[in-house]
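The values are calculated or read from the model by the stated rules, or taken from the named source; none is laboratory data. Predicted model only: the values in this text are computed from it and were never measured. Reconstructed Cβ throughout: ideal geometry from the backbone, glycine too, with neighbour counts over all protein chains shown. For accessibility, only protein heavy atoms count, side chains too; no ligands or nucleic acids. Shrake-Rupley method; radii C 1.70, N 1.55, O 1.52, S 1.80 Å.
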Amino acid sequence: MKVFDVWKIREDFPILKKTMNGKPLIYFDSATTTQKPHMVIEAMKRFYEEEYSSVYRANYEIAARATEMYSITREKVQRFINARDEEEIVFTRGTTEAINLVAYSFGQAFIQEGDEIIISEMEHHSNIVPWQLFCEKHGAIIRCIPINAQGELCLDIFEELLNERTKLVSIAHIANVMGTINPIHTVIRKAHEYGAKVMIDGAQAVSHLLIDVQDCDADFYAFSGHKMYGPTGVGVLYGKKELLEAMPPFMGGGDMIDEVFIDHATFQKPPLRFEAGTPSVVEVIGLSAAIDYIESIGRKAMDMWQNRLLKHATEQLLDIKGIQMIGTAAQKAPILSFIMEGIHPLDLGTILGLKGIAIRTGHLCAQPTLRHFGVDTLARIALDIFNTHEEIDICMHAIKEAAVLFKPEMSY
Ligand SMILES: Cc1ncc(COP(=O)(O)O)c(C=O)c1O
């Protein structure tokens, strides 16, 4: 395993040298979006300055080079998630677009009126609303796996929901509110017993877990570049080749066609069939650099550090009076959501922000999860490889100070 030196890692992230409200920036919002190492920023800048052009369109030198770099990134993503074939890698604008693509295109080809789609109570809105839109139009039905008090999937109920009408199961690998790591191998195996396909929303998992789409046997897997140290505007949809080949286009436009006549068109094979329009070329180059960055640090080393931070932050947070943690699953990513007696999460977020500490507050795009816990807003600390124990201690001290501010009778 590679040696992990957090102080060296911190040097990679230029933004960590900045201040917020006059205080050193403590960034605890990586579950929303990660900060970018200079390798990613530089790779995009270099591409803009030296090689920029579009891809698949022209044959002058820099266009050929751009197309080559774009294609190399597709192969790199294939290796990164251990897909069988590079044609199984579709570049999208992010996880949201990838899920909408599957809902629209797989849905149109394989899901009919009266069929069922299973999601769970812990999903991000991006993995709920696309299915609702599809079901409203096509008469399919959404079923939901409930979660328990710890924020884990109720697998016994999942088994009861599965039946021969189940066509698709779509769940998060890691839940964005609670950090729960779902047992996707089990979910996929059980769904496949009923002939249902499985889509995994890997938006949160991609920066925390080793992803092996062949090992887990996912039919679709989606993630976003901006949650794995890469840029916004690029994401990936992995789909098994035979499924993508059987799916109709999602959007029409340049590049996804084979031939176009005035009254009809024929289409490319996947993945290009699903990449209509000028793609996010520079962002794909940034994604490539982000994968290099993750691989240069090593998954194991990243994981160990983040688990140490999670343990420290959990102990510290639970030590504060009046804290209720939302999500206490046995298998958990470094995400801590909570509410605090006497302080509205938005007030807490504002106070911490004034002290240079960036945390996420609100419904976190997961209102059904929050409803399960009887809250409509909460605070979330999401830890990353560049965070330190000292930063956690500063944050916990600031939370205690905020508690005293709102409830002067509190003492710590
Ligand atoms: C679990 C999960 N799914 C989907 C998304 C949507 O990702 P994006 O906005 O990058 O498309 C997010 C973003 O926070 C997420 O956490």
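Here are the numbers for this structure:
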| quantity | calculated |
| --- | --- |
| Euclidean distance between Cα centres, segment 178-229 to segment 18-56, Å | 26 Å |
| Largest to smallest accessible area among Lys36, Lys269 [probe 1.4 Å] | Lys269, Lys36 |
| Integer Hz, Karplus 6.51/-1.76/1.60 couplings in order for segment 61-77, x for Gly and Pro | 4, 5, 5, 5, 5, 4, 5, 5, 5, 5, 5, 4, 5, 4, 5, 5, 5 |
| Accessible surface ranking that places the most exposed of Thr266, Thr350 first, with a 1.4 angstrom probe | Thr350, Thr266 |
| Relative contact order computed over segment 79-237 (Cα-Cα under 8 Å; 6+ residues apart), in percent | 29 percent |
| Dipole magnitude of the chain, debye to nearest 20 (Cβ charges: Lys/Arg +1, Asp/Glu -1, about Cα centre) | 1020 debye |
| The chain - percent of accessible surface contributed by carbon and sulfur, probe 1.4 Å | 53 percent |
| Volume per residue that the Cα convex hull of segment 26-145 spans, once the total is divided by residue count, Å³ | 163 Å³ |
| Accessible area expressed per residue, the chain, with surrounding protein chains retained (probe 1.4 Å, Å²) | 42 Å² |
| Mean Cβ count within 10 Å, highest first, over the residues of peptides 56-66, 360-370 | 360-370, 56-66 |
| Ordering of 315-323, 335-343, 74-82 by packing [mean C-beta count within 10 Å, highest first] | 335-343, 74-82, 315-323 |
| Relative contact order computed over segment 1-57 (Cα-Cα under 8 Å; 6+ residues apart), in percent | 28 percent |
| Lys/Arg +1, Asp/Glu -1 at C-beta; segment 1-123 dipole; positive extreme among Pro24, Phe91, Tyr48 | Pro24 |
| Peptides 168-180, 252-264, 392-404 ordered by average Cβ neighbours within 10 Å, highest first | 168-180, 392-404, 252-264 |
| Over the chain, relative contact order from alpha-carbon pairs under 8 Å, at least 6 apart, % | 23 percent |
